[in-house]
Amino acid sequence: MMVHYMEYAKEAMDQISGGGAFLTVKGENRVNTMTIGWAFLGFIWGKPIMMVAVRHSRFTYELLKESQEFSVSIPIHSDLKKALGFCGTKSGRHYDKFEECGLTLVPGETIKTPYIQQCDLHYECRIVYRQSMDSELVQHPIVHRYYDQNDYHVIYYGEILACHT
Ligand SMILES: Cc1cc2nc3c(=O)[nH]c(=O)nc-3n(C[C@H](O)[C@H](O)[C@H](O)COP(=O)(O)O)c2cc1C
């Protein structure tokens, strides 16, 4: 069922920050998913936006170079802790995470990127802006805590084309 993008914002953000969600990206030859623990939901450029942050070291980052889209699938009621653990520690460079975790892909309703059937809430997003972090502009304690290996995030602003349960 299609819902307003803010309808389940609290549930979505509680799950993303407390347990994680699946960020799915379709590159030229591969679909992959990874666990995310950070995101923003908001409104900018007259559009509803979901923002996600992906470090350069992730396979997902490579796929995002080939794509203008992503989906975020959130397990609100379903218990997918094991799959979130696997997808948050293993790379798509070495595993087919969908097969390993028994996750089923469903074609997106508005984008070519699929979403994960076993989740309850889905955002389909078209990337409207990509932002490489500038190390000079980050507060020092954050650099110290998150970027001592120099593995910065790229921040992707996805216009939410559909939000469905
Ligand atoms: C709970 C949790 C949250 C995570 N959040 C993020 C995130 O927001 N951004 C990120 O780049 N990596 C995050 N990670 C790490 C990636 O999910 C992990 O490195 C993954 O193996 C990358 O997969 P890939 O190489 O197939 O892209 C998180 C991991 C966990 C367990």
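The values are calculated or read from the model by the stated rules, or taken from the named source; none is laboratory data. Note that this is a predicted model, so its numbers are computed, not measured. Neighbour counts run over all protein chains shown; Cβ positions are idealised from the backbone, glycine included. To get the accessible areas, we keep the full protein, side chains included, count just its heavy atoms, and leave off ligands, DNA and RNA. Shrake-Rupley method; radii C 1.70, N 1.55, O 1.52, S 1.80 Å.
The length gained on full extension between I155 and Q68, counted as 0.36 nm times the residue separation minus their Cα-Cα distance, comes to 30.0 nm. Within the same chain, lysines fewer than 8 places from K82 are excluded, and of the rest, those with a Cα less than 24 Å from its Cα are K10, K26, K90, K97.
Rounded if a/c is under 1.5, else prolate if a/b beats b/c, else oblate: with a ≥ b ≥ c from the C-alpha gyration tensor eigenvalues square-rooted, which is the stretch 1-97? Oblate shape, in that a/c is at least 1.5 and b/c is the bigger or equal ratio. Within the straight-line cut-off of under 15 Å between alpha carbons, the aspartates and glutamates reachable from K65 are E28, sequence neighbours fewer than 8 places apart in one chain being disregarded. Dividing the mean sequence gap of close Cα pairs (under 8 Å, 6+ apart) by how many residues the stretch 9-164 holds gives a relative contact order of 28 percent. Ranking of K112, K47 by solvent-accessible surface, largest first: K112, K47 (1.4 Å probe, protein heavy atoms only, all chains present).
Given the peptides 120-128, 71-79, arrange them by the average over their residues of other C-beta atoms within 10 Å, most packed first.
Packing order, densest peptide first, comes out as 120-128, 71-79.
Annotation: amide H of M133 within the under-5 Å range of H153, I155, sequence separation 5 or more or interchain, hydrogens built in the peptide plane.
Based on the alpha-carbon gyration tensor of the stretch 85-165 and its eigenvalue square roots a ≥ b ≥ c, which shape applies: rounded if a/c is under 1.5, prolate if not and a/b is larger than b/c, or oblate? Oblate is the answer for the stretch 85-165, as a/c is 1.5 or above yet b/c matches or exceeds a/b. Separation of the stretch 114-138 and the stretch 58-72, taken as the distance between their Cα centroids, equals 9 angstrom.
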